[in-house]
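The values are calculated or read from the model by the stated rules, or taken from the named source; none is laboratory data. All of these numbers come straight from a predicted model, not from anything done at the bench. Methodologically, a virtual Cβ is constructed for each residue, glycine included, from the backbone with ideal geometry; neighbour enumeration extends over all protein chains shown. For the accessible areas, the whole protein counts, side chains as well, though only heavy atoms, and no ligand, DNA or RNA atoms are used. Shrake-Rupley method; radii C 1.70, N 1.55, O 1.52, S 1.80 Å.
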Amino acid sequence: MSKNIPLPSLEEYGLSENGFLPKELPVTKLSDEYYKDWEVIVQNIPSLLLSKRMRDVVDRLPVLEVKESLIGEIGQVRRAYSVLCFIANAYVWGYDKPCDTLPDCIAKPLLTVSEILGLPPLATYASVVLWNYKPIVENSDLIDDVMDLSNLTSINTFTGGMDETWFYLVSVMTEKIGAPCVKSGLKAIRAVRDDNLANVVSELKCIAEAIDNLGSVLMKMEAMCDPHIFFFRIRPYLAGWRNMEEVGLPKGVRYGSGGEYLSFAGGSNAQSSLIQALDIVLGVEHFPMGKKGSGPHKISANSDQNSFINEMRKYMPREHREFLVHLAKVSNIKDYVETKKDKELTLAYDACIAMLKSFRDKHIQIVTRYIILQAHKKDGSSQSKVLRSGLSKSQGKKEQRGTGGTALIPFLKQCRDETGSSAASDWGKKVLSTAVLDVHENSTVTGTRKRSHGSTVESGDDTKRMKLGLAGNWDIDQENDEEGSYPAGHW
Ligand code: HEM
Ligand SMILES: N[C@@H](CC(=O)c1ccccc1NC=O)C(=O)O
């Protein structure tokens, strides 16, 4: 890290006040009539899947060219990418048996637009979340906040159901709520360079508060996205084609009749640049699975070494990936906290770490309910028979894998523990890096949302204390434990 490297500006990497969401609302329909058949197909994916006509219809499409006029407008290219990704995943996964060859009419333009955007040619977080939302009411005279979750819907879905829309929108909302963190992070890095302690502290407090809100938004998932529907109906379409031998795609998918087989991990929120940006700003490091952050295996989060988190950067839009690389080069906050040894600074920094760890705790609870518990169900219901039960069922028998291909619970726990071990204060080191009783194990046993007795709750209390500290009282040992100050959804 060098003081001589200029800080990244949001604009040069296509970021804005909206963080990694586009500055302008996503394009909902390709403007050139030439592409109307793509639009008709993508807008009718649920019906085409239901009637099992997806492949027949797509097979009759002509091979359209990616026109210069389309390439010239970023919103249009992103829309084309999103449309083709939806069609590609629906084509491959939409029947009992996956298809290992994408027809030229999808493969060719998809490879072209993917290359332009620096993304892989299949459904990613960018195609189904970042560039796939629209306001219900656009006229700001009619509504207070056009971007409020209650006024958003998704442009396209595989299933046509509100559970899927909600699943994507929760992520859109996390991007929106987390957006100010990117700006605050850059301001804090600047303040470190200027040795302006007060500003570093105040930006860190903003970041801690925003991360706390991210946790609350995450827990809204359950309001409208049913875990069963997610696991058996939605998730199969988000899978990729890597390590899919068992379901009939040993070589991945062939891109075009004369094309080559390529394999890619499926869509995952690990492809969101926001959380990675937070890790970088706060100096949280992740290591290859099973490797601890010390000793001979220690690998910097910024290195190219094997780690899923790093690999997922290849699944982000090129500009966002390049922003993260630049951000990593200038990240200086953790070093500053460690050398300054200022009480208020340390506490503000540790509050960020506590909130991020708490976010990852909540995420593990969600994953447990939406994947682990579903996979363990003895599924006699009709749904699983209808929709390609093969993938969901075969996954149920062995260790659960994420759509990104991770051994998900060990991976997520490692990410969480690596977050906690970044704490700077002695207190934080003791509390946040102590492995808490696994929330996952609690909920696997009970499957309920009751607050359990054990160190998970203790950990929640510690996070709460941090929050109280952030609100103005910096005595972390106080015992002012009002129930109401728990983060929403914490148990
Ligand atoms: C039902 C909802 C969700 C499920 C089932 C789920 C599941 C998973 C799984 C299985 C992984 C492991 C990577 C993989 O193999 O795909 C993962 C990673 C991740 N997810 Fe989620 N996720 C959900 C919602 C969210 C939301 C709304 C966020 C909001 C930001 C989020 C943030 C992350 C992050 C940041 C990672 C990377 C690991 C980390 O940094 O801790 N997830 N998710
Ligand atoms: N990794 C998750 C899927 C996931 O989180 C995801 C996949 C595609 C688009 C967005 C996602 N995350 C949350 O909105 C899974 O294994 O089910």
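Quick notes on this one:
- Gyration tensor verdict on the stretch 316-357 (Cα atoms; rounded if a/c is under 1.5, prolate if a/b is larger than b/c, oblate otherwise): oblate
- D_trans [Stokes-Einstein, Kirkwood Rh over alpha-carbon pairs] for the stretch 18-58, 37 °C, 0.692 mPa s, µm² s⁻¹: 271 µm²/s
- The stretch 1-103 gives an Rg/Rh value of 1.13, both radii derived from C-alpha positions and Rh following Kirkwood.
- Accessible area per residue in Å² at 1.4 Å probe, computed on the stretch 119-211: 36 Å²
- In the calculated pair-distance distribution of the stretch 89-157, the portion above 16 angstrom amounts to 62 percent of the Cα-Cα pairs.
- For the stretch 153-228, carbon and sulfur atoms together expose 53% of the accessible surface, with a 1.4 angstrom probe and every protein chain in place.
- Once the Cα gyration tensor of the stretch 116-247 is diagonalised, semi-axes √(5λ) in Å: 32, 21, 15
- Flagged links, alpha-carbon separation over 31 Å, of 23/429; 97/134; 3/429; 134/220; 314/362: 23/429; 97/134
- Looking at the stretch 36-107, the trypsin sites (Lys or Arg not before Pro) that sit in a DSSP loop and have at most 16 other Cβ atoms within 10 Å of their own Cβ are 52, 53, 60, 67.
- Rule-of-thumb Rg ratio for the stretch 171-280 [Cα; 2.2 N^0.38 Å; N residues]: 1.53
- Each Lys or Arg adds one and each Asp or Glu takes one away; over the other residues whose Cβ falls under 13 Å from the Cβ of residue 126, this sums to +4.
- Its residues counted as N, the stretch 129-198 yields a C-alpha radius of gyration over 2.2 N^0.38 Å of 1.53.
- 1.4 Å probe accessible area per residue over the stretch 52-112, in Å²: 41 Å²
- On the stretch 1-113, 51 percent of the accessible area sits on carbon and sulfur atoms, based on a 1.4 Å probe.
- Solvent exposure of the stretch 2-50 amounts to 55 Å² per residue of accessible area, where only protein heavy atoms count and the probe is 1.4 Å.
- Neighbour net charge for residue 106 - beta-carbon separation under 11 angstrom, K R +1, D E -1: 0
- In a DSSP loop and with at most 15 other Cβ atoms within 10 Å, the chymotrypsin sites (Phe, Trp or Tyr not before Pro) in the stretch 68-123 are 95.
- The protection proxy used here, the mean number of other Cβ atoms lying within 10 Å of each residue, ranks peptides 147-160, 345-358 as follows, highest first: 345-358, 147-160.
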